[in-house]
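Novice: Input: one structure, supplied below.
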Amino acid sequence: MHTHIAAFALAAAFAISPVFAGEQSMSRRDHFVDLISGERLFVREVRRPGAPAEVNSAVLLIHGARVPGIASFDLPVESGSLAADLAAAGHLVYILDLRGYGASSRPVAMDRPSTASSPLMRTADAIADIAATVDAITEWSGDPQVSILGWATGGHWAGAYAARYPKAVDRLVLYNTLYGGSGEHKMLGRGSPLDDPSRPGTFNAAAFGGYRLNTRGSLFTAWDNSIPAADKTSWRDQRVANAYADAALASDTTAGMRQPPSFRSPSGAMADSFELALDQRQWSAAALAMPVLVVRSELDFWSRPQDAQAIVAEAPRAKLVTIPDATHFAHLDRDKAGRGAFLAAVTQFLKPSSALPKGN
């Protein structure tokens, strides 16, 4: 337990969510975890009402570099809520916003020009936030351990936490996650916008500053480019895309103060990712004592095959599942475009009595 990190507070919000096609009625309760620093973390709980949870069934979802938790995992449209899917399978599901994201506290520096600070929220900060949240979840759920699923940079942060506190984690899912195994990455490595042209091999902190501004359109550039179809709606439901962008913008109360509207996200994740792209590892997969499922989309632009292979080679109890022809956003694409295969692999892995699935 990490009780030196936080005390726990429960927000008043509690509701049975509206039902949309394909989703059972779910209970959603919003919590806050109060930190000793005076900051707080937002955590949403999603569960199936009236149904007993399975043993050790608490699952924590960790968002990636720029889009916070609700927009990533709990959209109010059909096939837009991974949290609801896992709750329907009998789990207690928790969605975290790290500091600097969504409804969690934002560093004071995020209210100043981005150039006024160095990149905010690095790996050590994320580990502290996850530790405080896991402590809170064990109190709320009664489960002695928590399973964690991290998407993209969220997988890096989840892996770093699990490597430091392996006894706190029941099962770990690393989904399209950077780790190492290669020093080359076209989008994030040397020669990319993340590379400082005056000091090659160093993160371009001056260009990124403390935080980034993200517009609606910026959310779809890489996603659209990775979809192998001219008609993007054949691969991704437009209702999911609209809800994703709406929720991302709604996550920042200052979004409408800028034109075009934009939401802020800390730049620390990009600094972390640049280092990982150069094979500068920040944690060791060999320390992951729990069962680990590495999920990689074949068309992912973020992680590389070498990242997944390195984790599986080093972690004692890891398996790899590669989803053919799936994008970085497999859990938000259509079932036939990878979402179905992703859910099948994850739900099977998270069953308390299940064996590790066979990788490919």
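Novice: Inspect region 49-66 for any residue being farther than 19 Å from Gly210 by Cβ, out of contact with any Leu (no Cβ under 8 Å at 6 or more places or on another chain), crowded, with 20+ Cβ neighbours inside 10 Å and at pLDDT 95 or above and give the result as yes or no.
Specialist: Checking region 49-66: not a single residue is farther than 19 Å from Gly210 by Cβ, out of contact with any Leu (no Cβ under 8 Å at 6 or more places or on another chain), crowded, with 20+ Cβ neighbours inside 10 Å and at pLDDT 95 or above.
Novice: Please work out which one of (1) touching a residue at least 24 places away in the same chain (Cβ under 8 Å); (2) in a loop (DSSP other than H, G, I, E, B) is the condition Pro197 fails and give its number.
Specialist: Of everything listed in (1) touching a residue at least 24 places away in the same chain (Cβ under 8 Å); (2) in a loop (DSSP other than H, G, I, E, B), Pro197 misses just condition (1).
Novice: Residue check, Lys232 against (1) open to solvent by 50 Å² or more (accessible area, probe 1.4 Å); (2) more than 16 Å from Leu299 (Cβ to Cβ), all met but one. Which one?
Specialist: Going through (1) open to solvent by 50 Å² or more (accessible area, probe 1.4 Å); (2) more than 16 Å from Leu299 (Cβ to Cβ) one by one, Lys232 breaks only (2).
Novice: Report yes if Ala83 is modelled with pLDDT of 95 or more, more than 19 Å from Arg40 (Cβ to Cβ) and within 13 Å of the chain's Cα centre (by Cα), otherwise no.
Specialist: yes
Novice: Right, here's the next one. Among (1) in contact with a strand residue (DSSP E or B) (Cβ under 8 Å, 6 or more places away or on another chain); (2) in contact (Cβ under 8 Å) with a residue 60 or more places away in the chain, there is one condition Gly209 misses while meeting the rest; what is its number?
Specialist: Looking at each condition in turn, Gly209 falls short on (1).
Novice: If you don't mind, there's one more thing I want to ask. Do any residues in region 341-355 that are within 14 Å of Val294 (Cβ to Cβ) and at pLDDT 95 or above have Cβ atoms under 9 Å from those of residues that are charged (D, E, K, R) and open to solvent by less than 10 Å² (accessible area, probe 1.4 Å), where the two are at least six apart or on different chains, and which pairs are they?
Specialist: Phe342/Asp333
Novice: Still on this structure, please answer the following. Mind checking which residues of region 231-290 are closer than 23 Å to Val108 by Cα and in contact with a Pro (Cβ under 6 Å, 6 or more places away or on another chain)?
Specialist: Leu249, Ser251, Ala255, Ser267, Gly268, Ala271
Novice: Something else now. Could you identify the single residue in Arg317, Arg304 that is surrounded by fewer than 19 Cβ atoms within 10 Å (Cβ to Cβ) and either touching a strand residue (DSSP E or B) at 6+ places or on another chain (Cβ under 9 Å) or closer than 17 Å to Leu174 by Cα (or both)? Outline the logic, then answer.
Specialist: Working: Arg304 fails: surrounded by fewer than 19 Cβ atoms within 10 Å (Cβ to Cβ).
After ruling out the rest, the residue left standing is Arg317.
Novice: Do we have Arg281 as touching a strand residue (DSSP E or B) at 6+ places or on another chain (Cβ under 9 Å), at pLDDT 95 or above, of a type in the set (Lys, Arg) and on the phi < 0 side of the Ramachandran plot here?
Specialist: no
Novice: I'd like the residue in region 21-48 that is touching a Gly at 6+ places or on another chain (Cβ under 8 Å) and open to solvent by 30 Å² or more (accessible area, probe 1.4 Å) and, out of all such residues, is modelled with the highest pLDDT.
Specialist: Once the filter is applied, the top-ranked residue is Arg44.
Every residue, every condition in (1) closer than 23 Å to Lys351 by Cβ; (2) touching a Phe, Trp or Tyr at 6+ places or on another chain (Cβ under 6 Å); (3) open to solvent by less than 10 Å² (accessible area, probe 1.4 Å), yes or no:
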site: Ile70; (1), (2), (3): no, no, no
site: Pro76; (1), (2), (3): no, no, no
site: Leu86; (1), (2), (3): yes, no, yes
site: Tyr94; (1), (2), (3): yes, no, yes
site: Ala103; (1), (2), (3): no, yes, no
site: Arg112; (1), (2), (3): no, no, no
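Results for (1) touching a helix residue (DSSP H, G or I) at 6+ places or on another chain (Cβ under 7 Å); (2) among the hydrophobic types (A, V, I, L, M, F, W, C); (3) free of Cβ contacts under 8 Å to residues at least 12 places away in the same chain, shown as yes or no for each residue.
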{"position": "Thr221", "(1), (2), (3)": "no, no, yes"}
{"position": "Asp237", "(1), (2), (3)": "no, no, no"}
{"position": "Tyr244", "(1), (2), (3)": "yes, no, no"}
{"position": "Ala285", "(1), (2), (3)": "yes, yes, no"}
{"position": "Leu288", "(1), (2), (3)": "yes, yes, no"}
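Novice: Take the residues in region 127-180 that are in contact with an Asp or Glu (Cβ under 6 Å, 6 or more places away or on another chain) and part of a loop (DSSP other than H, G, I, E, B), then tell me which one is most open to solvent (accessible area, probe 1.4 Å).
Specialist: Gln145
Novice: Sort out which residues of region 84-126 are more than 14 Å from Gly209 (Cβ to Cβ) and in a helix (DSSP H, G or I), and write them in order of number.
Specialist: Matches in region 84-126: Ala84, Asp85, Leu86, Ala87, Ala88, Val108, Thr123, Ala124, Asp125, Ala126.
The values are calculated or read from the model by the stated rules, or taken from the named source; none is laboratory data. These figures come from a predicted structure and were not determined experimentally. Glycine also receives a Cβ, built like all others from the backbone with ideal geometry; neighbour counts cover every protein chain displayed. Ligands, DNA and RNA are excluded from the accessible area calculation, which covers all protein heavy atoms including side chains. Shrake-Rupley method; radii C 1.70, N 1.55, O 1.52, S 1.80 Å.
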